[in-house]
Amino acid sequence: MSEEKEDSFRVLRIYDETEEIKKMPESSGVSSRHGQQEQHQMDSAQGTPQLPPCPSVHHGPVYQEVHSMTQQWWGPQAQDTSGLQPMWLSEAETEGGTSSSFQPGAMTGQFCSSSSLNREVWSFLKTIPPIPDEAVVTRKSPRGSWRVGSLRHGKRVNAIAISSAPHHVYTCGTGYIRVWDADALHASDRAPQAQLDFQDPRNRVLTCKLFPDEQSLITGGMARALTLWDLAPTPQIRAQMASTGPMCYSLALSSDAHICLASFKGFVEIWDVQNQILIRKHEVPPYGSRCVDITGFKFWTGGEDTTLYSWDMRSYQKLQQHNLCHEILSITHDPSEEWVLAGLKMSDIVILHAHREEKYRAIVQRYTQHHNLKFASCGTHFVATLDDMIHCLAAPSLRRLFQTEECYDILCCDLSADSQYLVTGSKENATVYQLLY
């Protein structure tokens, strides 16, 4: 454990939909939201400030500051089902105190303005017709999940991946990888479409990454090599890239799939995966290399030493380090590559901006051995698995969309690129969930 003082984070609270204002419809149209915004503006003009829809809890100035952040968080492509309505975090407070130049309004949720709207402006606003619901396209978040299938891998599923065109699942463990077609996803007794056996049956896959084009898969583990697989038309090994370490804990791919990072104890291998060339063996703290991720020209490492490190991909210099005081079990990022999420052994989720000094902590306060994070490609939600529990959370509001429990601890998870399926791996089986919208 690190003896350094823990970094100061603003605290966010994960909340359930039942905590929102009762009058707010579950799936309101743009027309009704437009009317709510008009009513808010009219009330402000008449001197009667109104709160926008949000959980009915008291919020201080820091909440308003974090709300300012959420309007930019993960970009417009990550808007939740609230569409044009502003998204609100349920609660935020500081650990150790923070300062900000953000100037809050007279009360929580009130827009900052030098003067209120006068009646002439309001009369003009009333002449603007509401926007038809069918004219607005929004990216939706799932409202639930349905367990539709079970894939009998036969051994511990350490890593898993799912493709979307067509849907195939790859379950990875010791001795082999099994490939499951779309028909098997909605069944519990189907045989795999194929089984890819390793030359050494003792080889164990601990991590895998599906390429963005879904035509290739890379795996790492206890084999002293990274294996690059061609998946179409028939899954087969394209190349084996000899590693300099005995055990690969984690893999990360750049967004263009040109660079692959592989983490080992005390170092990270940086590969030109297109040409299968080892670019660099980069030394990192020996107990800070369990997890690795890449965002643009930065990569991130973390592990047992409780510190999250960021490194420059060009100069290989250490850029930042954040003491999180708890072991880091997973690292991921949102599709825009602006936000990095770290899953801790105490189940908390740390959220950092990749370029700005913005740090937040979503409090869960539950000791866990396994913590996996996976962002949906559309950016509206992400999945956190904490031992045997699955939590699907909206981004950036952190509203809990659904949760479910499995019989065994979840060792790995993945979301299909079309956001239709969630797959989890555990003891001998993988479980398939269809997401409901």
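The values are calculated or read from the model by the stated rules, or taken from the named source; none is laboratory data. Since the model is a prediction, treat every value here as computed from it, not as a measurement. For neighbour counting, all protein chains shown are included, and Cβ atoms are generated from backbone atoms with ideal geometry for every residue, glycine included. Keep in mind that these areas ignore ligands, DNA and RNA; they rest on the heavy atoms of the full protein, side chains included. Shrake-Rupley method; radii C 1.70, N 1.55, O 1.52, S 1.80 Å.
Here are a few things to note about the model shown:
- Criterion (part of a loop (DSSP other than H, G, I, E, B), acidic (Asp, Glu) and closer than 24 Å to residue 432 by Cβ) met by exactly one of 189, 256: 189
- Residue pairs whose Cβ atoms lie under 9 Å apart, separated by 6 or more positions or on different chains, with the first residue in the stretch 139-162 and in contact (Cβ under 8 Å) with a residue 40 or more places away in the chain and within 21 Å of residue 335 (Cα to Cα) and the second in a loop (DSSP other than H, G, I, E, B) and of a type in the set (Val, Ile, Thr), are 139/81; 139/380; 140/81; 140/380; 141/81; 141/380; 142/380; 143/81.
- So residue 240, is it part of a strand (DSSP E or B), of a type outside the set (Phe, Trp, Tyr) and open to solvent by 20 Å² or more (accessible area, probe 1.4 Å): yes
- Among the conditions (1) modelled with pLDDT of 95 or more; (2) surrounded by fewer than 23 Cβ atoms within 10 Å (Cβ to Cβ); (3) not in a strand (DSSP E or B), the only one that residue 309 does not satisfy is (3).
- Subset of the stretch 367-415 that is open to solvent by 20 Å² or more (accessible area, probe 1.4 Å) and of a type in the set (S, T, N, Q) - its residue that is modelled with the lowest pLDDT: 369
- Residue, farthest from residue 236 (Cα to Cα), within the stretch 195-221, restricted to residues that are part of a strand (DSSP E or B) and open to solvent by 30 Å² or more (accessible area, probe 1.4 Å): 206
The rows are residues; the columns are (1) under 25 Å from residue 173 (Cα atoms); (2) assigned to a strand (DSSP E or B).
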position: 361; (1), (2): no, yes
position: 372; (1), (2): yes, yes
position: 383; (1), (2): yes, yes
position: 390; (1), (2): yes, yes
position: 403; (1), (2): no, yes
position: 408; (1), (2): yes, no
position: 417; (1), (2): yes, no
position: 424; (1), (2): yes, yes
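- Residue within the stretch 286-297 that is closer than 15 Å to residue 264 by Cα, more than 20 Å from the chain's Cα centre (by Cα), at pLDDT below 95 and not polar (S, T, N, Q) present: yes
- Within the set 169, 157, the sole residue that is among the β-branched types (Val, Ile, Thr) and assigned to a loop (DSSP other than H, G, I, E, B) turns out to be 157.
- Given (1) out of contact with any Lys or Arg (no Cβ under 9 Å at 6 or more places or on another chain); (2) within 23 Å of residue 284 (Cα to Cα); (3) modelled with pLDDT of 95 or more; (4) open to solvent by 10 Å² or more (accessible area, probe 1.4 Å), number of the condition residue 357 does not satisfy: (3)
- Sole exception among (1) under 18 Å from the mean Cα position of the chain (by Cα); (2) open to solvent by 60 Å² or more (accessible area, probe 1.4 Å) for residue 314, by number: (1)
- Filtered residues of the stretch 195-241 (kept if among the polar types (S, T, N, Q), over 23 Å from the mean Cα position of the chain (by Cα) and under 24 Å from residue 293 (Cβ atoms)): 227, 240
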